[in-house]
Amino acid sequence: MNVQAIFFSKDRALQLHGALQSFFKNCIEAEEISIRILYHTSNKHHQHQYDCLQREFPQVQYIRETHFRHQLLALIADAPWILFAVDDVLFYRPFSLHECITSMEMCPEVLSANLLLGKNTVYCYPQNASQEIPLLEPIPKSTMLRFRWDNAEYDFGYPLEISGSLYRASTIISLLQNIAFDNPNTLEAALSQHTNLVAHMPWRIIYPQSVGFCNPLNRVQQVYDNRVAAHSIDAETLSQYFDAGQRIDSDAYASLVPNAVHFEAPLHLRPTRIQIQPGNTPPSITAVIPVFNGAAFLPQAVASLVAQRYGPLEIIIVNDGSTDDSSAVAHRLAHAHTPLPIHVIDKPNGGMADARNAGIARARGDWILPLDCDDCFAPGFLHHAADIIANHPEINLIFSNVQEFGARNNVWTPPEYSWAEILERNTFPYASLYRKDLWTMGQGYDPSIPWGAEDWNFWIQCTPLGIKPYRIQQCFFHYRIHGHGSMSTIMRAHWPEVVACLHTLHPHMYPVSSLLEEHQVIANMHPDAAKRIEETIAKHPDRPMPYFWRGLRQEAAGRLPEAIADYIRAANLAPYNQWQPYYRLYCVNTTLGRITAARNAAEECVQRQPQWGSILGVTSTFCAQPLHSLL
């Protein structure tokens, strides 16, 4: 299912465990849903508990909060349906998100599907008052009911809530882009002040009986004085239960019928065999070395890792279709350093990003260290990094200052990292040690960019996931500078095209106006860049953006049928947030006088980027048009 579930959490690992356990138990499609936890911790101890949760629920992505608004906007950009939930929710009855979506698709005027309301919720806990059940209407071919929220009271008349509601992403994105917020509480408060923006969607849908409720055991935020249980249990006490291996027993609530969205229920715990104790074992590290015709340099790179005298360390050498004796050299190195596990992967040429992905996919370490075959590390880096990890468990990326050698001998001190800075320039060496889950959640290195910069693109992908970097001031990383004709000098010669391609890979992070300028840069690309894009399409035919970039060049050259074919291919392959192929289809079809196809493309564009609505004069239909209608 193309649903993104976002759980908000702060310092409540025990309650979040109960929320996740009950969700997996009762949501019929739970295993098909992308679940992300956007969480905040007040200290190292709470962070350690969330690290434990990550081991207990490895299928869930955990994203430490660094810039709440930016992160949330990025996280909801790649799925058409968004489920919001909080860490004190408990799902006590089976439910189907597929049924919710089907019911909402039957009526475009439905704003949301709420999982915490039902005929049983006759009491409003925050207001300490009874609430009237609104007129409920059946939905054809569904067990769900719908009601008008615009004339309902209390919880039924509170349409934009984030405790347990499913929304269309297009609706939520257009709202969040126009309001200010910096945490879940100010988010919900801001939404409640802008219900006029969704007045054209006056319906909500619910199950006849609610399938979940929030158990207000405590309050961990200091923004609002929300009501909590009379016999509340503070978060620190629950934290101690978690450390002792206690977990919420979600089965104990199966026969419950709560009378409110927020319902004071007894805390039912069960013991587990898990006990949380800070570990002293050094982090396991996998170094990944891609090599393409680099046999002369490879031994020095491997020797610099062996000289670290660090364990547990493994090295994976990825021979990316070399035509020299790189493969033979790699295998000799693997046999020569038998105490240190060195594995060799031989694969067809796919480029640097593809080679790194191949190696990391095989990695057994919890931390990844990329290293090109012509670079190296000074002794002591890995032990220094291990000390940082032990003392700063929140850190997920470690790097040092950079000593250049070869054709130049300068020192590079990377600038301070920030969300705004990384969007404009790279602030990390490619050879940075990072948690493997960043690679997993960031979906790896993108092999699409024709001239490199795959490492900068990777850091941009990871930024919404919550990068917590640490810079070592010594120059442990030694970066070789080659002379004229190297890949880096060629890339610099095509730098405007590199930047333009990279920006269009992240349409939700850059202003629409600047992206349109980037379209023109790509459309006028150098013939060498066009050749590289053709090679990328041949090697990676499942990547959407090379077709889009080729389409821009076709459009500029007046080859409009070819441009349309490339844009449609890009649209078919692209994730949900890619409005750009549809915008170009709108432009080309308008030029050709195909009014219906142009309007369909415009509606698709607006669905993915709502701010185009007023410009193109259309509104989202909330349902995809068949692509053949865009021809």
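The values are calculated or read from the model by the stated rules, or taken from the named source; none is laboratory data. Everything numeric here is computed off the predicted structure, so don't read it as measured data. Virtual Cβ from ideal backbone geometry, glycine too; neighbours counted across all protein chains shown. Heavy atoms of the whole protein, side chains included, go into the accessibility calculation; ligands, DNA and RNA do not. Shrake-Rupley method; radii C 1.70, N 1.55, O 1.52, S 1.80 Å.
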* Regarding residue 22, is this residue hydroxyl-bearing (Ser, Thr, Tyr), part of a helix (DSSP H, G or I) and more than 21 Å from the chain's Cα centre (by Cα)? -> yes
* To do: Scan segment 346-368 for residues that are open to solvent by less than 20 Å² (accessible area, probe 1.4 Å) and not small (Gly, Ala, Ser) and report the count.
  => 4
* Can you confirm whether segment 394-408 contains a residue that is in contact (Cβ under 8 Å) with a residue 24 or more places away in the chain, loosely packed, with under 14 Cβ neighbours inside 10 Å and out of contact with any Lys or Arg (no Cβ under 9 Å at 6 or more places or on another chain)? => yes
* So, of the residues in segment 25-46 that are assigned to a helix (DSSP H, G or I) and under 24 Å from residue 469 (Cβ atoms), which turns out to be least open to solvent (accessible area, probe 1.4 Å)? -> 46
* To do: Determine whether segment 435-454 contains at least one residue that is surrounded by fewer than 21 Cβ atoms within 10 Å (Cβ to Cβ), in a strand (DSSP E or B) and not basic (Lys, Arg).
  => no
* For segment 75-109, which residues satisfy the criterion of being aliphatic (A, V, I, L, M) and either open to solvent by 10 Å² or more (accessible area, probe 1.4 Å) or farther than 20 Å from residue 575 by Cα (or both)? -> 85, 86, 89, 90, 97, 101, 104, 106
* From 71, 59, 49, residue being at pLDDT 90 or above and part of a loop (DSSP other than H, G, I, E, B) -> 59
* Asked: From the residues in segment 572-591 that are of a type in the set (Phe, Trp, Tyr) and either buried (at least 23 other Cβ atoms within 10 Å of the Cβ) or in contact with a Ser or Thr (Cβ under 9 Å, 6 or more places away or on another chain) (or both), which one is farthest from residue 4 (Cα to Cα)?
  -> 586
* Options 354, 366: the member that is under 30 Å from residue 514 (Cα atoms), under 22 Å from the mean Cα position of the chain (by Cα) and acidic (Asp, Glu) -> 354
* Please give the strands (runs of 3 or more DSSP E) falling wholly within segment 199-317 in which 3 or more residues are out of contact with any helix residue (DSSP H, G or I) (no Cβ under 7 Å at 6 or more places or on another chain) and modelled with pLDDT of 90 or more. => 203-206, 212-214
* Structure fact -> Scanning segment 318-339 for residues that are assigned to a loop (DSSP other than H, G, I, E, B) and farther than 25 Å from residue 445 by Cβ, the one least open to solvent (accessible area, probe 1.4 Å) turns out to be 337
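Considering only residues that are under 21 Å from the mean Cα position of the chain (by Cα) and part of a loop (DSSP other than H, G, I, E, B), look in segment 154-179 and name the one that is surrounded by the fewest Cβ atoms within 10 Å (Cβ to Cβ).
The initial filter retains those residues of segment 154-179 that are under 21 Å from the mean Cα position of the chain (by Cα), namely 162-177.
Then keep just the ones that are part of a loop (DSSP other than H, G, I, E, B); that gives 162-163, 177.
Numbers: 162: 20, 163: 22, 177: 13.
Per the criteria, the residue is 177.
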* Asked: Could you count how many residues in segment 180-198 are in a loop (DSSP other than H, G, I, E, B), over 22 Å from the mean Cα position of the chain (by Cα) and farther than 26 Å from residue 105 by Cβ?
  -> 1
* Single condition residue 496 does not satisfy, out of (1) assigned to a helix (DSSP H, G or I); (2) of a type outside the set (A, V, I, L, M, F, W, C); (3) in contact with a helix residue (DSSP H, G or I) (Cβ under 7 Å, 6 or more places away or on another chain); (4) open to solvent by less than 50 Å² (accessible area, probe 1.4 Å) -> (4)
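To keep it simple, each residue is scored yes or no on (1) within 24 Å of the chain's Cα centre (by Cα); (2) touching a residue at least 24 places away in the same chain (Cβ under 8 Å); (3) closer than 17 Å to residue 600 by Cα.
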position	(1), (2), (3)
515	yes, yes, no
521	no, yes, no
528	no, yes, no
542	yes, yes, no
550	no, no, no
557	no, no, no
579	yes, yes, yes
* Unique match (being touching a residue at least 24 places away in the same chain (Cβ under 8 Å), part of a helix (DSSP H, G or I) and surrounded by fewer than 22 Cβ atoms within 10 Å (Cβ to Cβ)) among 599, 569 -> 569
* To do: Take segment 581-611 and flag every residue that is of a type in the set (A, V, I, L, M) and within 25 Å of the chain's Cα centre (by Cα).
  => 606
* **Candidate set: segment 125-153, residues that are hydroxyl-bearing (Ser, Thr, Tyr) and outside any strand (DSSP E or B); chosen: the one surrounded by the fewest Cβ atoms within 10 Å (Cβ to Cβ)** => 143
